[in-house]
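*Asks:* After the structure tokens below, expect a handful of questions from me.
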Amino acid sequence: MAAVLCFRNVTLRFIQNRNTNLVFSVKTKLAPSLARHFSTSYFEPASRENFQYDLIVIGGGSGGLAAAKEASNLGAKVCVLDYVTPSPRGSKWGLGGTCVNVGCIPKKLMHQAALLGEAIEDAKSYGWVFPQAENIAHNWETLKEAVQGHIKSVNWVTRVELRDKKVEYINGLGSFLDANTVHAVVKGTERKLTGKYILIAVGGRPRYPNIPGALEYGITSDDIFSLTKPPGKTLVVGAGYIGLECAGFLNGLGYKATVMVRSILLRGFDQQMAQIIEAEMRHKGVNFLHRCIPKKVDKLPDGKLNVTWQNEQKQEFNDVFDTVLFAIGRRALTQDLHLEKAGVRTAADGEKIDAVDEQSNVPNVYAVGDVLYKRPELTPVAIHAGRLLARRLFADSKQCMDYDNVATTVFSPLEYGCVGLSEEVAIERFGADNVEVYHGYYKPTEFFIPQKNYANCYLKVVAKREDSQKVLGLHFIGPSAGEVIQGFAAAIKLNLTVKDLMETVGIHPTIAEEFTRINITKRSGKDPNPASCCS
Ligand code: FAD
Ligand code: NAP
């Protein structure tokens, strides 16, 4: 139920949402500063039921902040608690969560730094002359400072944004006292906060293996982007997104990088694409140790790290590294929350929260982002789910998050972008006879002059075999794969078919147009290599 009252400069909208909470929103033609004062001073949501807040968000990262800002826009009284426990190496950071501080953003900047190194080499073939420097070198300190400077500016903008949106920011560690009460420790003092709804958006932190020396001498993605000295020769343990991306940019910056793989690369991704990524990383100089696990890390008198590892046959090996980076997955930060006091149950893994439409087993307690069980651990997923949840709680929305067909990219650094099903999952789900896979290698025009390796530039379209061949998955390895895949992800949401792709006129000469040129099926056995040298 909604009622709208219009005055000369102000529109008030009262909404009774599905949780019987009466909320309002204000649309105004008044100056923003005056409007803010007007909206908070004279109008309080009618049924706050003696809670201090309509929404308490525990965790000020991608998901928590998105939900908090949206809820506040819709007239709710909101506070966000955010607290970062320093890493075992002592790294700590400001407001904004993993993505901004120790995730997507610094990673993408370091990925870009690595790509620029390649571009300098390419530039020479295109006629650029660098007379001052025979050997162009990279300076880690400069990069680290630039990246950290950018992060600090984002931290600051985030704080200002919260203030402008009237979201109260509390720099404190939160835990439950009961389903409506949160205990916050703020600089040694304690606060008790009550809220009608509580949103758990605490994200996760890197795991360490339980081996001698790991915690003492190893680092994780929490530390790499603020490392005060150059990483040097680095062992990366783990072959998921983080392991491959870190190894990729370190190698691109000129540091020797080795990836230790326990089983397969990129579990959950299309395995043919994962193998091509490995081939490309090897070509660029990254070393891989397959079917190995670390056993211990010892510090040598010169400060270097002697790592002992074991293969499947239990044979032991060792080598000396300057840095050991563990990228073996992340644990949800639910241990400190005292979930039991609110009656919130964790999922089968004992850490994450198994929610239905982000609602936990306790009706007024919700969760978004990385803390959710079996949901993609990606920033846009956390943000979208957070916003939609706020609209369901504080407006009359019914829209729920769709976790299917979420596009993603591994910045490795030749990128792998994909959306939808892998070839394996499509075959498992529909049967090999009912799945058609189109594929092809291609040569980016700009690779010709510097004679860059194009052997691993590959794409495939996984589709249903019947009728117009509905597309189930798109996979693309090449430069800027993330940019290529994003638009096609929208097309998949609109039920893209192979026929649609074939009827789309490409943009020439681009690499994205390769999706409009697909015509070879795997089933045909035809050679998927491009026919001509340069078109
Ligand atoms: P977070 O962003 O982790 O925020 C949770 C916040 O809550 C943190 O600030 C935490 O300190 C705080 N907190 C925890 N417990 C409490 C408590 N009890 N009280 C108060 N505060 C608390 N995703 C992409 O989409 N693209 C990428 O390219 C990408 N790259 C990544 C690279 C790396 C190296 C990593 C580690 C992650 C990357 N991700 C990427 C994943 C992305 O960062 C996460 O999916 C996203 O940040 C999750 O958001 P969230 O809101 O769930 O949690
Ligand atoms: P991950 O994808 O779960 O990969 C963990 C890797 O570590 C796997 O290769 C795993 O091997 C290995 N491993 C696990 N335990 C190990 C152990 N004890 N010893 C040795 N190896 C071990 O985790 P992640 O790379 O840390 O990334 C976490 C999440 O962050 C991802 O799920 C992703 O959603 C998000 N992220 C996204 C991006 C992006 O969007 N570009 C980038 C980075 C991170 P097995 O396969 O054998 O288990």
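*Asks:* Rolling a 1.4 angstrom probe over the protein heavy atoms, how many square angstrom per residue are accessible across segment 310-450?
*Replies:* On a per-residue basis, 45 Å².
*Asks:* Using each residue's phi in segment 171-177, evaluate 6.51 cos²θ - 1.76 cosθ + 1.60 at θ = phi - 60° and report the 3J(HN,Hα) Karplus result to the nearest Hz, with x for Gly and Pro.
*Replies:* 7, x, 7, x, 8, 7, 9
*Asks:* Looking at segment 170-225 from every direction and averaging, what is the projected area of its Cα convex hull in nm²?
*Replies:* 6.0
*Asks:* Any idea what diffusion coefficient segment 191-250 gets from Stokes-Einstein, in µm²/s, Kirkwood Rh on alpha carbon pairs, 37 °C, 0.692 mPa s?
*Replies:* 226
*Asks:* Okay, next question. Tell me what the chain gives for mean residue ellipticity at 222 nm when only DSSP H runs of n ≥ 4 count, each as -39,500 (n - 2.57), the sum divided by the residue total, rounded to 500 deg cm²/dmol.
*Replies:* -9000 deg cm²/dmol, from helical runs alone.
*Asks:* Under a point spin-label approximation (7 Å from Cα along Cα-to-Cβ), what is the Asn155-Lys233 distance to one decimal in nm?
*Replies:* Each label point lies 7 Å from its Cα, and together they span 3.4 nm.
*Asks:* Could you give P(r) for segment 395-476, binned at 5 Å from zero, as whole percent values over all Cα-Cα pairs?
*Replies:* With 5 Å bins starting at 0, P(r) equals 3, 13, 18, 17, 16, 12, 10, 6, 3, 1, 1, 0.
*Asks:* Please compute the length gained on full extension between Gln315 and Val425, using 0.36 nm multiplied by the number of residues separating them and subtracting their Cα-Cα distance.
*Replies:* Stretched out fully, the Gln315 to Val425 stretch lengthens by 36.2 nm.
*Asks:* Still on this structure, I have one more. If one takes the longest principal axis of the Cα atoms in the chain, at what angle in degrees, from 0 to 90 and to the nearest 10, does the Cα axis of helix 32-42 lie?
*Replies:* Compared with the principal axis, the helix lies near 50 degrees.
*Asks:* Still on this structure, I have one more. Amide H to amide H under 5 Å from Ile328: which residues, 5+ apart in sequence or cross-chain, H placed 1.01 Å off N in plane?
*Replies:* When sequence neighbours closer than 5 places are left aside, the close amide H contacts are Arg207.
*Asks:* Over segment 106-242, what lengths in whole Å, largest first, do the semi-axes of the equivalent ellipsoid take, defined as the square roots of 5 times the eigenvalues of the alpha-carbon gyration tensor?
*Replies:* Ellipsoid half-lengths, sorted descending, are 41, 22, 13 Å.
*Asks:* At q = 0.16 Å⁻¹, work out log10 I(q)/I(0) for segment 220-301 with the Debye formula, treating every Cα as an identical point scatterer and leaving solvent out; two decimals please.
*Replies:* With one equal scatterer per Cα and no solvent, log10 I(q)/I(0) is -0.61.
*Asks:* GluC sites (Glu not before Pro), restricted to segment 129-212: which are DSSP loop and have at most 12 other Cβ atoms within 10 Å?
*Replies:* In loop regions of segment 129-212 (DSSP not H, G, I, E or B), the sparsely surrounded GluC sites (Glu not before Pro) are Glu134.
*Asks:* Calculate, axis by axis, the spread of Cα positions in the chain along the three principal axes, and write the results as whole Å, longest axis first.
*Replies:* Largest to smallest, the principal-axis extents are 70, 66, 52 Å.
*Asks:* Which whole-number percent gives the relative contact order of the chain, counting Cα pairs below 8 Å spaced six or more residues apart?
*Replies:* 14
*Asks:* So for segment 391-500, taking the charge dipole from beta-carbon charges (+1 Lys/Arg, -1 Asp/Glu), which of Gln469, Gly440, Phe394 sits furthest toward the positive end?
*Replies:* Phe394
*Asks:* Which angle between 0 and 90 degrees, to the nearest 10, do you get for helix 481-493 versus the longest principal axis of the chain when only C-alpha atoms count?
*Replies:* 60
*Asks:* Considering only the chain, what is the antiparallel percent among its DSSP beta bridges, to the nearest 5?
*Replies:* 70
*Asks:* Can I ask one more? Looking at segment 76-139, which chymotrypsin sites (Phe, Trp or Tyr not before Pro) are in a loop (DSSP not H, G, I, E or B) and have at most 15 other Cβ atoms within 10 Å?
*Replies:* Tyr126, Trp128
*Asks:* Then there's this: Counting alpha carbon pairs within less than 8 Å and at least 6 residues apart, what relative contact order, in whole percent, applies to segment 273-368?
*Replies:* 13
*Asks:* May I pose another question? Separation between the Asp467 and Asp349 pseudo-spin-labels, each 7 Å from Cα along Cα→Cβ, expressed in nm?
*Replies:* In this crude spin-label approximation the distance works out to 3.7 nm.
*Asks:* What FRET efficiency comes out for the pair Val356/His290, r = Cβ-Cβ distance, R0 = 41 Å, nearest 0.05?
*Replies:* In this case the efficiency is close to 0.55.
*Asks:* If you don't mind, another one. Given 37 °C and 0.692 mPa s, compute D for segment 456-535 with the Stokes-Einstein relation, Rh being the Kirkwood radius over Cα pairs; round to the nearest whole µm²/s.
*Replies:* Diffusion coefficient, whole number: 247 µm²/s.
*Asks:* Could you work out how far apart the two model spin labels at Val185 and Glu483 are, taking each label as a point 7 Å from the Cα in the direction of the beta carbon, and quote it in nm?
*Replies:* Reported label-point gap for Val185 and Glu483 is 4.6 nm.
*Asks:* So which GluC sites (Glu not before Pro) in segment 238-337 end up in coil per DSSP with only 16 or fewer other C-beta atoms within 10 Å?
*Replies:* The qualifying sites are Glu312.
*Asks:* Which percent of the accessible area of the chain is formed by carbon and sulfur heavy atoms (probe 1.4 angstrom)?
*Replies:* 53
The values are calculated or read from the model by the stated rules, or taken from the named source; none is laboratory data. Just so it is clear, the structure is predicted and the values come from calculations on it, not from any experiment. Positions of Cβ are generated from backbone atoms using ideal geometry, with glycine treated the same way; all protein chains shown enter the neighbour counts. Please note that ligands, DNA and RNA were not included when accessible areas were found on the heavy atoms of the full protein model with its side chains. Shrake-Rupley method; radii C 1.70, N 1.55, O 1.52, S 1.80 Å.
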